[in-house]
Amino acid sequence: MPTPSQVLLPPASGAWREGDPPGRRQWHEREKPLALEAGGELPGVRLAFETWGQLAPDRSNAVLVLHALTGDGHVAGPAEPGHPTPGWWDGLVGPGRALDTDRWFVVAPNVLGGCQGSTGPSSSGPSGRRWGGDFPFLTQRDQVAAEVGLADVLGIDRWALVVGGSMGGMRALEWAVSHPERTDALLLLATTAAASAEQIAWTNAQLHAIRSDPHWHGGHYHDTGRGPHAGLGLARRIAHVTYRSEPELQVRFGRSPQGTEDPWSGGRYRVESYLDHHAAKLVHRFDAGSYVVLSEAMNSHDIGRGRGGVRAALSRVTARTLVAGVGSDRLYPPSQQAELAAGIATADHLRLIESPCGHDGFLIEVEQVAALVGELVRRDPLPSARDSGHHRPLSDGSSATGRHP
């Protein structure tokens with residue numbers, strides 16, 4: 001039985017690196033530094049993104065899909081060079097699917113601070129060395145500000161739909177509150193108006209696991225040849241327990257041992273093997289520094305900060321809105337989505353996704369999510385463009401480049 005320490009590990013990080021296959025990625029380069037909510041600015045911002053479908057001549061058919069903590073811009077498509085895993089919402093995006101790419105132009109950026117082509121701790125900073133532990137503190141508002149730059153360079157003045165779950169839902173909500181004039185419809189899944197004390201507490205344990213790893217080096221591990229894999233794996237184990245429900249884990253695994261292993265003699269229970277598996281997968285495709293930066297950004301999430309409180313902030317939303325929770329979610333319980341549904345005047349009653357899978361239900365129950373999307377996109381957009389390659393430059397000289405950075 002291989003132990004976690006015997007599993008083949010990446011040199012220091014599972015981040016996408018310069019020279020790796022670009023896959024479906026395109027890049028938006030921002031020439032002006034990005035002013036940050038916590039103070040200071042971030043220079044050299046680059047967002048990786050993927051698109052599906054074609055942009056209509058009047059640019060009215062654009063849909064923004066925002067990923068969760070360890071997701072990325074590869075929403076749809078197979079695992080292939082540059083993309084180690086299949087699209088995380090593959091059943092939702094494509095011809096004839098809920099987000100029909102014969103009708104809609106779907107855009108999915110890798111979040112600022114991420115590790116799959118966007119500027120983050122594993123990226124080179126102004127000195128030419130990787131940012132590492134010097135990467136600045138980000139908030140959801142900073143991340144949305146970077147995405148606004150992408151929308152501008154694509155010439156998209158108003159999204160037909162903005163959709164996101166969990167962390168992606170935080171950014172979707174921030175779009176609708178900060179830029180109501182640019183958000184026509186909104187789908188919020190398994191998310192919240194503000195990170196709760198319990199959510200911050202769970203994150204705290206995960207961050208301690210990473211920072212306690214002897215290979216963390218204050219975040220400056222990228223060029224040492226060995227990253228904080230044990231700490232990142234432990235963080236993933238902690239998080240994954242919160243992502244699923246207790247009844248599901250009991251039904252799937254119970255107290256059964258893993259194969260012929262004997263838990264009384266150093267072996268594992270099946271549920272332990274399951275957590276080991278997910279820890280190893282994340283270590284190979286993610287970066288510990290990005291996990292820290294994005295987790296802290298989630299902790300900072302409070303839609304009412306500086307806006308007179310949550311109720312006042314939610315009153316700014318003008319988009320046609322659906323809010324849905326997962327009935328078995330113990331990390332982002334439906335009571336949090338109920339607050340959103342009650343506070344957004346353009347939302348109707350809270351919808352519940354039926355799933356035994358807990359928080360991950362918004363990713364797993366694709367048919368139920370597709371039905372919600374369908375409610376918001378019933379109106380036909382104008383005919384798709386035959387050529388969506390002409391993008392409007394920003395006044396600061398920013399541009400969207402092709403797949404090669």
Practice prompt. For Asp58, indicate whether it is of a type outside the set (S, T, N, Q) and over 23 Å from Phe286 (Cβ atoms).
Written response: yes
Fill in: Leu189, sole failed condition from (1) free of Cβ contacts under 8 Å to residues at least 12 places away in the same chain; (2) within 22 Å of Ile364 (Cβ to Cβ)
(1)
Response to the item:
Residue pairs within 8 Å by beta carbon, gap of at least six or interchain, first lying in the range 127-146 and among the acidic types (Asp, Glu), second open to solvent by less than 30 Å² (accessible area, probe 1.4 Å), listed first then second, are Asp134/Gly125; Asp134/Gly219; Asp142/Leu34; Asp142/Leu36; Asp142/Leu42; Asp142/Leu112; Asp142/Ala297
Worksheet item: Does Gly71 qualify as being closer than 17 Å to Asp287 by Cβ, open to solvent by 10 Å² or more (accessible area, probe 1.4 Å), of a type in the set (Gly, Ala, Ser) and within 20 Å of the chain's Cα centre (by Cα)?
Response: yes
Discussion item. Whether any residue in the range 24-36 is in a loop (DSSP other than H, G, I, E, B), open to solvent by less than 40 Å² (accessible area, probe 1.4 Å) and either of a type outside the set (A, V, I, L, M) or at pLDDT below 95 (or both) is what I want to check.
Written reply: yes
Practice prompt. Quickly run through the range 293-313 and pick out the residues that are more than 22 Å from the chain's Cα centre (by Cα), touching a residue at least 12 places away in the same chain (Cβ under 8 Å) and in a helix (DSSP H, G or I).
Written response: Val310, Arg311, Ala313
Worksheet item: Restricting to the range 210-236, what's the tally of residues that are surrounded by 19 or more Cβ atoms within 10 Å (Cβ to Cβ) and not in a loop (DSSP other than H, G, I, E, B)?
Response: 10
Fill in: Tabulated pairs, the range 319-348, first crowded, with 20+ Cβ neighbours inside 10 Å, second of a type in the set (Asp, Glu) and modelled with pLDDT of 95 or more, C-beta under 7 angstrom, 6+ apart or interchain
Ala319/Asp184; Leu322/Glu375
Worksheet item: Would you pick out the residues in the range 237-292 that are among the acidic types (Asp, Glu) and not in a helix (DSSP H, G or I)?
Response: Glu261, Asp262, Asp287
Item to complete: List every residue pair whose Cβ atoms lie under 7 Å apart, where the two residues are 6 or more positions apart in sequence or sit on different chains, the first residue falls within the range 51-70 and is more than 14 Å from Asp102 (Cβ to Cβ), and the second residue, located anywhere, is of a type in the set (Lys, Arg) and open to solvent by less than 30 Å² (accessible area, probe 1.4 Å).
Response: Leu66/Arg171
Discussion item. If a residue must be open to solvent by 40 Å² or more (accessible area, probe 1.4 Å) and touching a Pro at 6+ places or on another chain (Cβ under 9 Å), how many such residues does the range 294-318 contain?
Written reply: 2
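The values are calculated or read from the model by the stated rules, or taken from the named source; none is laboratory data. Computed from a predicted model, the values in this text were never measured in an experiment. Positions of Cβ are generated from backbone atoms using ideal geometry, with glycine treated the same way; all protein chains shown enter the neighbour counts. Accessible surface areas use protein heavy atoms only, side chains included; no ligands, DNA or RNA. Shrake-Rupley method; radii C 1.70, N 1.55, O 1.52, S 1.80 Å.
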